[in-house]
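What follows is a short report on a single structure.
The values are calculated or read from the model by the stated rules, or taken from the named source; none is laboratory data. Quick caveat: nothing in here was measured; it's all calculated off a predicted structure. In this analysis, Cβ positions are derived from the backbone assuming ideal geometry, glycine residues included, and neighbour counts consider all displayed protein chains.
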Amino acid sequence: MATNLSLVFVFLLSGLPAASAQSEDLRAAMSAPIYIERESGPTRIPLDWRMQKLFIEASVDGRSGTFLFDTGSPTILSRRFADTLELEVLGQNTGVDANGNAVTMDVARVETLALGDTVFHGVPVLVFDFGSLEMGTCFMRDGVIGSEILPGSAWRIDVEQGELTLAEDGEALGTRETAVSAPLHDFGYPHMPIVDYAVGDVTDRAPFDTGSAEEVALFRPVAESGPVRALMVDGSRMTGQGSEGVSAGGRGEVQALSRFDLTGFEIGGTRLGEVTATTRSVPPSLIGAGMLNRYHVVLDYPGGEFRLEPREAPEAPRAHAGFAVGYEEGAGRVLQLFTPSPAQAAGLQLHDRVIEINGRLLDGADAEQRCDQALWLAQSFSGAEGGEFVILRDGERLTLTIPPVEG
């Protein structure tokens, strides 16, 4: 995936001055109980699985919209959508985005947030201008439905059937004998689902974060530890350089990158078999939406249980291209590059300006066309299939033929 709009926030409420009346109001607004109004039986709503992300329809104070469903983020309304609701701004809060950048957003509260016939009353929301991010409005229409509405319900995420189910408790969702089960921890706002995991002798906790497209993303010091390295599949490791993606504070700085297959990843004492993992420079480690290619995921907050239910028809693992292309400062760019990879062997370099891919023009387009091309890169383009790339490097136009990834 070329563009990663991962919105993982660790909120610094403890950093607000204790003597501030506004900070006390914000704490009260964010920690106040959310009342849930339901019909009898589970609620089922369509789930749109694209770009390794989850999108749902929701109604906020009676206005319908399309939202990213992100269990690793609080609920965030786009500035454009929020302005139509004429919300009262309660104050501002500063948090840290997925790349470690401080981001300040307005805080408000909506009267109702409805998913199908289940209605959540009194939900705290943040308000952010996604237009401040390059291509932000291309990928993020109305905002994010986040994790503060998760407590009080059991949720089942099924991308195989394209369905999100929520119920009063886990029993209403049924159980499967083949499911992998682990305790689910809730440590307060924004109520992200936290799970214990282990890799060999290393034990830790990680959010299940559907904002991350990976199966597993390990904090780099964890990934570089001896017990983890010992369980990497021989020959699977690729190293490289590039940005880890775009978050609310903008695109992350160039970092050392690593990808590998891991044989010893455990949840709830059960080894999952081989998982594909990458590294991240900012804690915590994450269990991401990539797991949905193999499992249905149940988040049973009332029962305190996290479950992975094997899919009847899991998706085959996808070969990684060894590079990523996205837009930066209005032009197509190579934003990640790994070695060993066919792209690196063919001469592609980090920061190369990409003008064409297989005859498709990326360069010189207007804003609307760039948005279309960015969506094509994220949804349809498969770098693992290789192709003919026209690039501009140091003023020289070059054509590179990148072979497909083997296997």
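Per-structure values
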quantity	calculated
Qualifying positions in region 269-293 - over 26 Å from GLY242 (Cβ atoms) and buried (at least 19 other Cβ atoms within 10 Å of the Cβ)	LEU272
Residue within region 298-305 that is farther than 18 Å from GLN336 by Cβ and of a type in the set (A, V, I, L, M) present	yes
Close pairs (8 angstrom Cβ cut-off, 6 or more residues apart or separate chains): of a type in the set (D, E, K, R) in region 371-391, crowded, with 22+ Cβ neighbours inside 10 Å anywhere	GLU388/ILE402
Members of region 320-361 found to be more than 17 Å from ILE391 (Cβ to Cβ) and either in the same structural domain as LEU292 (by TED's automatic domain parsing) or not in a strand (DSSP E or B) (or both), listed by number	HIS320, PRO340
Test: residue in region 384-392 that is touching a strand residue (DSSP E or B) at 6+ places or on another chain (Cβ under 9 Å), charged (D, E, K, R) and farther than 30 Å from ASP261 by Cβ	no
Test: residue in region 356-371 that is modelled with pLDDT of 95 or more and crowded, with 18+ Cβ neighbours inside 10 Å	yes
Selection count, region 28-48, where residues are more than 21 Å from VAL123 (Cα to Cα), modelled with pLDDT of 95 or more and surrounded by fewer than 17 Cβ atoms within 10 Å (Cβ to Cβ)	2
Set GLY146, GLY136, GLY152: member being more than 30 Å from GLY332 (Cβ to Cβ) and within 17 Å of the chain's Cα centre (by Cα)	GLY146
Qualifying residue in region 113-129 (condition: within 20 Å of the chain's Cα centre (by Cα) and either among the polar types (S, T, N, Q) or outside any strand (DSSP E or B) (or both))	yes
Segments classed as strands (runs of 3 or more DSSP E), wholly inside region 138-232, with at least 2 members that are within 15 Å of MET291 (Cα to Cα)	154-158, 180-185, 194-199, 202-209, 216-219
Matching residues, region 111-140, being out of contact with any helix residue (DSSP H, G or I) (no Cβ under 6 Å at 6 or more places or on another chain) and not aliphatic (A, V, I, L, M)	GLU111, THR112, GLY116, ASP117, THR118, HIS121, GLY122, PHE128, SER132, GLU134, PHE139
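Listed here are the residues, each with its yes/no results for (1) of a type in the set (A, V, I, L, M, F, W, C); (2) assigned to a loop (DSSP other than H, G, I, E, B).
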site: LEU292; (1), (2): yes, no
site: VAL297; (1), (2): yes, no
site: ARG318; (1), (2): no, yes
site: ASP363; (1), (2): no, yes
site: ARG370; (1), (2): no, no
